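**Student:** Here's a structure for you.
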Amino acid sequence: MDLLKLVFRTLRKNLALFTVLVLLAIAGGVIHFYTQRISYISNFKTNQGFVDYTLFKSLTDFSEVTADVYDLPEARLAEINKVLLDFKVSFVEESASSISYTVVTKNEKADHAQAQKAILELINHNRFVQNAVDKELKKENQKLQYLKEKVVQLDSLMFRPNNAYISEIPGDSYSLYTQQLDLEEKIASTGNFELIKPVTKVETNEKPIFLFLSLYVVLGGFIFLIFSKKEKVKEQ
């Protein structure tokens, strides 16, 4: 009760200051709400194309869309530049098998689906990424060739068992076939980026008006507290 009495007494003594600060807080909150810069944000995911993410990150820059970097016709690059003009693109390795892309724009009418399409096209035509992929594919194809030769040897033993002792037929033939299939799948997907999760919705960073009002009211209360304490010091 004593605390409430103290609060009301302080408000009565500083009613003019309290009224001014409340009005300023409300005005500040409303002005801040209507002047906030709204961003429109969307997200999509691709597989990682069996490309090392650190290498991919160092070779991928969507701010430099030129024929030196991307293996696409000049006319198409000009179209992509127009699409991405309004967007800021960032990406992170979300997991060992996927990369998550975020595109942000201030333009409410910007086409996020078109931006997604343009980015995917650029990824798949990045000259530097493809050069790195080609080197990796050479190694993988050599492994595949070796596996295929081993599988052929197994097949010859399996189809002509009379010419070989049972002990000569390896027991891990299933494992060998599985390795071949996995490697063939990896080679087909290496450097080939595809959508895992397309853009489904566009969100905003817009903050509700009560948040701004609350912040300015707290600021006004802090100022009121300082001035009311000064008044007490003067009275003493």
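Laboratory data are not the source of any read-out in this text; all were calculated from the coordinates shown. Keep in mind it's a predicted model, so treat the numbers as computed, not measured.
**Student:** Give me the orientation-averaged projected area of the Cα convex hull of the stretch 48-109, in nm², one decimal.
**Tutor:** In nm², the orientation-averaged hull projection of the stretch 48-109 is 5.0.
**Student:** Can you list the residues, at least 5 places off or on another chain, whose amide H is less than 5 Å from the amide H of Ser39, using H built in the peptide plane?
**Tutor:** Sorted by chain and number, the residues that satisfy this are Asn205, Glu206.
**Student:** For Val51, enumerate residues with amide H under 5 Å from its amide H, sequence gap 5+ or separate chain, H modeled in the peptide plane.
**Tutor:** Those lying under 5 Å, H to H, from Val51 are Gly191.
**Student:** Longer than 30 Å from Cα to Cα, which of Lys82/Lys186; Lys117/Lys186; Lys143/Lys197 are they? Say none if no pair is. Could the numbers behind the result be given before it?
**Tutor:** Values: Lys82/Lys186 34 Å; Lys117/Lys186 24 Å; Lys143/Lys197 32 Å.
Among Lys82/Lys186; Lys117/Lys186; Lys143/Lys197, the Cα-Cα distance tops 30 Å for Lys82/Lys186; Lys143/Lys197.
**Student:** Using alpha carbons only, what's the Rg to Rh ratio of the stretch 77-149 with Rh from Kirkwood?
**Tutor:** When Rh is taken as the Kirkwood radius, the ratio is 1.16.
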